[in-house]
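Written out below as structure tokens is the structure these notes cover.
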Amino acid sequence: MQPSNGRPRGGGGGAESSVDNHDGHDQAQAEGRGQVRYDDPWYDALASGWGESGGVGAPVPAVSGVRQEHEAPAVAAAEVYLEVQRSAAFQEVRSRYRRFVVPAVVVFFVWYVAYVVTATTAPGLMARPVAGAVNVAMLAGLGQFLTTFLFTWAYARHARLRRDRAALELRWDTQELTRGIRGGVS
């Protein structure tokens, strides 16, 4: 696997801790060693430790000098993502997603709450035997698992048939637009 953003991945066997591996994010050093930099637009700089203290009392600079020269393409790339987000194709994909997920979540939540409320307020009903040692509560509990698997299958099927192709086309278009901004480097 290729390291992202030029950072080495520690295996835990060396003297350095995983925090030390991410300390400073010296991109020039990473590029000097022949490693490929990967600009991830979804990379969370705060989660990586940028801007936090370097362990010696001095804060690590929030943006390294090498990173500043990539600021203009990053702003242009952000505009591309905003443009794609505002597009009709993206709104259609989000609409299809919401039209499936919101009702499914409501149905599943109502079914789950009904099971819990019935189990606590009507223990006589839930204890009613159905066949041998199997009672209504056991069947309803197994029904919870069954509906979880059914909703998962239905979600995957809906995504495959109604959203995946459009989302893949949006991703392709977005990659092409950002690649053009960065001069063919992705």
*Is it fair to say Val102 is more than 30 Å from Tyr81 (Cβ to Cβ) and either part of a helix (DSSP H, G or I) or among the charged types (D, E, K, R) (or both)?*
no
_When the residues of the range 78-103 are narrowed to those that are hydroxyl-bearing (Ser, Thr, Tyr), farther than 12 Å from Tyr155 by Cβ and touching a helix residue (DSSP H, G or I) at 6+ places or on another chain (Cβ under 8 Å), which ends up least open to solvent (accessible area, probe 1.4 Å)?_
Ser87
*Select from the range 139-160 the residues that are of a type in the set (A, V, I, L, M, F, W, C) and out of contact with any strand residue (DSSP E or B) (no Cβ under 8 Å at 6 or more places or on another chain) and list them in ascending order.*
Ala140, Leu142, Phe145, Leu146, Phe149, Leu150, Phe151, Trp153, Ala154, Ala156, Ala159
*asked:* Just to verify a result, which residue in the range 105-125, among those that are loosely packed, with under 11 Cβ neighbours inside 10 Å and under 27 Å from the mean Cα position of the chain (by Cα), is farthest from Val93 (Cα to Cα)?
replied: Val110
*Using the structure shown, decide if Thr148 is surrounded by 14 or more Cβ atoms within 10 Å (Cβ to Cβ) and among the polar types (S, T, N, Q).*
no
*Here is a list of conditions, (1) closer than 29 Å to Ser87 by Cα; (2) free of Cβ contacts under 8 Å to residues at least 24 places away in the same chain; (3) over 20 Å from the mean Cα position of the chain (by Cα), and Gln175 meets all of them except one; can you say which number that is?*
(3)
*Given (1) under 18 Å from Thr152 (Cα atoms); (2) open to solvent by 90 Å² or more (accessible area, probe 1.4 Å); (3) among the basic types (Lys, Arg), index of the condition Arg128 fails*: (1)
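The values are calculated or read from the model by the stated rules, or taken from the named source; none is laboratory data. If you're wondering where the values come from, they're calculated on a predicted model, not measured in any experiment. For neighbour counting, all protein chains shown are included, and Cβ atoms are generated from backbone atoms with ideal geometry for every residue, glycine included. Just the protein is used for accessible areas: all its heavy atoms, side chains included, with ligands, DNA and RNA removed. Shrake-Rupley method; radii C 1.70, N 1.55, O 1.52, S 1.80 Å.
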